[in-house]
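The structure under discussion appears below in the form of structure tokens.
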Amino acid sequence: MVLKIYSTLSREKETFKPLKKGEVNLFVCGPTVYDFSHVGHAKTYTQFDIIIKYLRFKGYKVFYLQNITDIDDKIIKKANEEKEDWKKIVKKYKEAYLEDMESLGINSVNKYANATDYIEEIVSQVERLIKKGYAYKISDGYYFDLSKDEEYGKLAKRKVLEGEDAVSRIDENSEKKNSGDFCLWKFKKVGEPSWKTSLGEGRPGWHIEDTAITEKEFGSQYDIHGGGLDLIFPHHEAEIAQMESISGKKPLVKYWMHTGFLNTGKEKMSKSLGNFSTIRELLKTYSKEQIRYLFISTNYRKPIDFSTETLENAKNSFERLKNICEKIVDDKKINEKYLKEFEEQMDDDFNTPNSLQVLWKLVRDEKAKGKYQTIKKIDEIFGLKLLEKQNLVVPKEVDELLKKREIARKDKKWEESDKLREEIKKLGFQVLDGKVGQELKKI
Ligand code: AMP
């Protein structure tokens, strides 16, 4: 069976053929660590987790790399607001991010690369761009000259002229040659973190972090680059401009994959719009399996409306599926027909909603053999713990904490109730606050 991937670059589903047979180098843009991650992040990272697990299921040796943006204007702003050292802000939110990923069952990443560990590589990239005439210096830093790159805009399908519009007018400075030119290296400003380098004291621009990391880890070309739709322009476009100008090799990436947004109302959930719920908040009401089910039931390229209704629907469907699966007896066989059908759907650009339907069909098929082992295989990708029995034996200690928490909640002592939740978590149980009160799940 042939795997097809929709690539944003061609706007088509293409047959997947990695650069090196059987091996896949894959990079997904990681978070800027200045705040807790929200449910929009959960969508993108869970959907990629499933994509990577499927690639591994297909037999590919995947190296999944993610960057951590650990120096950025937003981090500096947050550090100033909180009167805290920027490194402490980074440490706190990076740890929180990794904890959130673990809570969501996202464990497919091979390496998290901190941008600040690649300053040498960043400087080397800027120096090569200067040497080749793609970068120039003005009062506050080095910039990429868009007029030197005829192909700029090929990913987002924007022409150079359109590069002059508001969306691309980042890194404002009236000395810039073209208003869409983006910053590669920012010279030091008072009170800001900086590195002493041959380019002058300063810090990296955002786009160059990723190409420096991927060049070091993968070389100048690799297989798959992922991220949310919002990153196509200018971020991913800038990555192409930088790396292809430096190396002269095209394409930087064979397959560009982008996830659709998680929206609240009509708008994308985002920190800057303030319309977000954090992952840790959501995990107080829904289990990671219920959340994963929600993301599986929508194609990764499509948007999801974030609402109680959507969440409740996903929760109810998931619980119904799990109830059936838990009762299935292992006959030690695989149902090849259903597994093949599942694979056909996943091979079609990772069509998880259709492959979920195949799973439903399998569990409802009274005559089908090999249900248990087939579900087990599928669930190694989905991570829904469908076969794990929930007949909970609640230890006395946990029971006592639950009772204390019940009282704390009645007295509206939310801080105490959250502390007790953490204590219960340490003992291996998740407490969900649903409509019927506290509900316990095994982690
Ligand atoms: P950020 O830290 O905001 O740059 O986001 C990290 C990753 O999460 C990027 O790949 C974003 O595209 C993605 N992302 C951010 N907000 C959303 C959202 N509302 N829905 C889906 N993905 C998102």
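Every number in this text was worked out from the coordinates using simple rules, so none of it is lab data. Quantities reported herein were computed from a predicted structural model and do not represent experimental measurements. Here the Cβ positions follow ideal geometry from the backbone for every residue, glycine too, while neighbour counts run over all protein chains shown.
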Review point. Tell me, what HN-Hα J-couplings in whole Hz come from the Karplus equation 6.51 cos²θ - 1.76 cosθ + 1.60 at θ = phi - 60° for each residue of the range 41-56, using x for Gly and Pro?
Key: 4, 4, 4, 4, 6, 5, 5, 5, 4, 5, 4, 5, 5, 5, 4, 5
Study note, to complete from the structure: Place a point 7 Å from the Cα of Arg364 in the direction of its beta carbon; the residues of the range 318-336 whose amide N falls under 19 Å from it are 318-328
Check your understanding: So which lysines can Lys413 reach, going by Cα to Cα under 21 Å and dropping same-chain residues fewer than 8 places off?
Key -> Lys284, Lys403, Lys404, Lys425, Lys426, Lys435
Exercise for review: Report the antiparallel proportion of the DSSP beta bridges in the chain as a percent, rounded to a multiple of 5.
Suggested key: 50 percent
Exercise for review: Please work out whether the chain counts as rounded, prolate or oblate from its C-alpha gyration tensor, where a ≥ b ≥ c are the square roots of the eigenvalues and a/c under 1.5 means rounded, while otherwise a/b larger than b/c means prolate and anything else oblate?
Suggested key: oblate
Point to revise | Among the listed pairs Lys53/Lys315; Lys332/Lys389; Lys43/Lys337; Lys43/Lys322; Lys53/Lys74, those beyond 28 Å (Cα-Cα) | key: Lys43/Lys337; Lys53/Lys74
Check your understanding: In the range 62-115, which trypsin sites (Lys or Arg not before Pro) fall in coil by DSSP and have 10 or fewer other Cβ atoms within 10 Å?
Key -> Lys83
Practice item. Read phi for every residue in the range 180-185 and hand back ³J(HN,Hα) as whole Hz from Karplus 6.51 cos²θ - 1.76 cosθ + 1.60, θ = phi - 60°, with x for Gly and Pro. Key: x, 4, 10, 7, 9, 9
Check your understanding: Given 0.36 nm per residue, what is the gain on full extension from Glu416 to Lys340 after removing their alpha carbon distance, in nm?
Key -> 22.3 nm
